[in-house]
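Asker: Attaching a single structure in structure tokens format; questions to follow.
The values are calculated or read from the model by the stated rules, or taken from the named source; none is laboratory data. All values reported here derive from a predicted model rather than from experimental measurement. Please note: Cβ atoms are built from the backbone with ideal geometry, for glycine as well, and neighbour counts cover all protein chains shown. Side chains are part of the model used for accessible areas, which takes the heavy atoms of the whole protein and leaves out ligands, DNA and RNA. Shrake-Rupley method; radii C 1.70, N 1.55, O 1.52, S 1.80 Å.
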Amino acid sequence: MVATLVAIGLATFCANAQSINLPGKVLDQNGDPIPGATVRFKGSKGGVITKDDGTFTVRSSLKGTLIISALGYTEQ
């Protein structure tokens, strides 16, 4: 069975905003953190990796969709 990823704590921002830090936390369906998940903006090649507690921060000035992926989970 493939588990589902859940990202919480994401902020929304305007397309014309200057570069901002966008924090969040990646959890599984049971609320447990997912360390080592990749978080990136759709269409980008780079990204960040979640810490041991599932937290991450991406820096961006672009409006877009975050893609979260981890081994054994469905990409969200």
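Asker: HN-Hα J couplings of region 43-58 from phi, Karplus 6.51/-1.76/1.60, θ = phi - 60°, integer Hz, Gly and Pro as x?
Answerer: Computed from phi, the couplings for region 43-58 are x, 9, 8, x, x, 10, 10, 5, 6, 4, 8, x, 7, 8, 9, 10 Hz.
Asker: Amide H neighbours of G47 under 5 Å, at least 5 residues apart or on other chains, H built in the peptide plane: list them.
Answerer: none
Asker: Continuing with this model, one more query. For Q29 and S60 in one chain, what is 0.36 nm times their gap in residues minus the Cα-Cα distance, to one decimal in nm?
Answerer: Between Q29 and S60, full extension yields 8.4 nm more.
Asker: Within 15 Å, Cβ to Cβ, of T55, how many net charges do the neighbouring residues add up to if Lys/Arg are +1 and Asp/Glu are -1?
Answerer: Values: positive: K25, K51, R59; negative: D28, D32, D52, D53.
Computed value for this residue: -1.
Asker: Under 16 Å between alpha carbons, and skipping anything fewer than 8 positions from K45 in its own chain: which aspartates and glutamates qualify?
Answerer: Answer for K45, where 16 Å is the Cα cut-off: E75, listed by chain and number.
Asker: Give me the accessible area of I68, 1.4 Å probe, in Å² rounded to the nearest 10.
Answerer: It works out to around 10 Å².
Asker: Would you kindly derive the ³J(HN,Hα) couplings of region 24-32 from the backbone phi angles with the Karplus curve 6.51 cos²θ - 1.76 cosθ + 1.60 (θ = phi - 60°), listing them in order in whole Hz, with x for Gly and Pro?
Answerer: With the stated coefficients, region 24-32 comes to x, 9, 9, 10, 8, 5, 8, x, 8 Hz.
Asker: Non-local amide H neighbours of T55 (under 5 Å, H modeled in plane, Pro and chain starts lacking H): which ones?
Answerer: Placed amide hydrogens put V26 under 5 Å from T55.
Asker: Oh, and also: What is the set of long-range amide H partners of I20 at a cut-off below 5 Å, with H atoms built 1.01 Å from backbone N?
Answerer: So I20 has HN proximity to S60, S61.
Asker: Assuming R0 = 30 Å, what is the FRET efficiency of D53 and Q76, from their Cβ-Cβ distance, to the nearest 0.05? Spell out each step's value before the answer.
Answerer: Values: r = 19 Å, r/R0 = 0.62.
My answer for the efficiency is 0.95.
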